[in-house]
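Down below is the structure, laid out as structure tokens.
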Amino acid sequence: MGRIIGIVVVVAVAIGVIWMKLGRKDDQSKIMHENVLTALQSLPDYKTHEGLYLQLVEEHHKDSFDHHYTMGGRRSSGRFDVEGYLTEMFSTMAKDAERQGYKTQAKEILELRSQMVTTTRP
């Protein structure tokens, strides 16, 4: 009986640690999502093409974020490559916009990418 309780406690602690690490990842993901939306609002045609920009962010954020977030281990915290995320995020958004026939918006996204990536370097 004592061994079963010990196993249950270990499993509960492991679930708690995993939940905490995933919670941090989720928080970071939300922050980056908001940052990209804020950056896009600076584009001159944002109001005209807001729906397109929102659709592009929703479609590409999760994969771009997941590619650049590394879960931490027992003794290390998760790491996030902001520059890699921004480069991938804006590049995939621009490709998708161009594929949909929005060449001007694709160019604007790529210009914003170059500004954003430059400003994140130390």
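Key figures for this structure:
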quantity	calculated
Where LYS62 falls short, out of the listed (1) modelled with pLDDT of 95 or more; (2) in contact with a Ser or Thr (Cβ under 7 Å, 6 or more places away or on another chain); (3) under 15 Å from LYS25 (Cβ atoms)	(2)
Qualifying positions in region 89-122 - touching a Leu at 6+ places or on another chain (Cβ under 7 Å) and modelled with pLDDT of 95 or more	PHE90, MET93, ALA94, ASP96, ALA97, TYR102, GLN105, GLU108
Meets criteria (buried (at least 19 other Cβ atoms within 10 Å of the Cβ), among the charged types (D, E, K, R) and over 18 Å from ASP63 (Cα atoms)) for GLU108	yes
Residue check for LYS47: outside any helix (DSSP H, G or I), modelled with pLDDT of 95 or more and among the charged types (D, E, K, R)	yes
Hits in region 80-110 (condition: of a type in the set (D, E, K, R) and over 21 Å from GLU34 (Cβ atoms))	LYS95, GLU98, ARG99, LYS103, LYS107
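The values are calculated or read from the model by the stated rules, or taken from the named source; none is laboratory data. Small disclaimer: the values here were computed from a predicted structure and weren't measured. Counting neighbours? That spans all protein chains shown, and the Cβs are built from the backbone with ideal geometry, glycine included.
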